[in-house]
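Reviewing the structure listed below.
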Amino acid sequence: MIRAILCAIDVSQPEHDREVLTVATRLAAMDGARLDVITVLPDFGMSVVGQFFDTSYHEKALSRARSLLNDFVSDVIGAEANAAVRHIVSTGKAYEEILHAAREAGSDLIVVGAHKPDLSDYLLGPNAARVVRHSDCSVYVVRPSS
């Protein structure tokens with residue numbers, strides 16, 4: 001029985017993750033599982049790029065991502081269902097943060113999306129592939145239906 005599901009969403013491309021969230025919500029409902037939704041912001045702080053952002057940039061980016069995530073989840077599954085969802089906004093490498101959040105939350109299942117493969121992402125996108133490869137729990141990969 002699944003008790004907790006972690007669904008990974010990219011708020012910068014929400015049109016690609018509507019189906020991912022819908023599937024995760026359906027899976028959570030089947031077992032009465034808790035649904036956690038995560039989005040991960042890239043970490044510019046330690047790179048050369050990070051020098052061009054003022055010190056308040058990170059907090060502004062986190063706040064904006066929280067707002068986008070909340071609005072996206074509410075739009076896809078409804079405000080009432082959204083109220084029961086735990087929203088996680090993290091900073092770092094997407095696959096590392098997804099795996100860390102799943103371990104911390106005791107997730108039994110991770111739901112991630114995969115792009116249609118092209119030459120650079122032969123079978124799965126790089127983050128989905130790493131999550132599948134390194135996860136301690138089951139991973140459900142949602143392919144786009146179109």
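A short reminder: the numbers here are calculations on the coordinates, not readings from a lab. It should be emphasised that the depicted structure is a prediction, and the values quoted were computed from it without experimental measurement. Ideal geometry is used to build each Cβ from the backbone, glycine not excepted, and the neighbour counts take in all protein chains shown.
Values computed for the structure shown
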| quantity | calculated |
| --- | --- |
| Formal net charge of residues neighbouring Cys7 (Cβ-Cβ distance under 12 Å; K, R +1; D, E -1) | 0 |
| Environment charge at Asn82 (Cβ cut-off 10 Å; Lys +1, Arg +1, Asp -1, Glu -1) | -3 |
| Nearest-20 debye value, the chain charge dipole, Cβ charges on Lys, Arg, Asp, Glu | 200 |
| Proxy reagent accessibility, fewest Cβ within 10 Å first, across Lys93, Lys60 | Lys60, Lys93 |
| Distance (nanometres) between label positions extended 7 Å along Cα→Cβ at Lys93 and Ala105 | 2.1 |
| Cβ-defined net charge surrounding Leu109, 14 Å radius [Lys, Arg +1; Asp, Glu -1] | 0 |
| Rounded, prolate or oblate (a/c below 1.5 giving rounded, otherwise prolate when a/b exceeds b/c) for segment 4-142 by Cα gyration tensor | oblate |
| Relative exposure of Leu27, Leu6, judged by other C-beta atoms within 10 Å (fewest first) | Leu27, Leu6 |
| Likely footprinting exposure, Asp17, Asp108, Asp75, Asp54, fewest C-beta neighbours within 10 Å first | Asp54, Asp75, Asp108, Asp17 |
| Those residues of segment 1-28 whose amide nitrogen sits under 16 Å from the label point placed on Ser138, 7 Å along Cα→Cβ | 1-7, 23-28 |
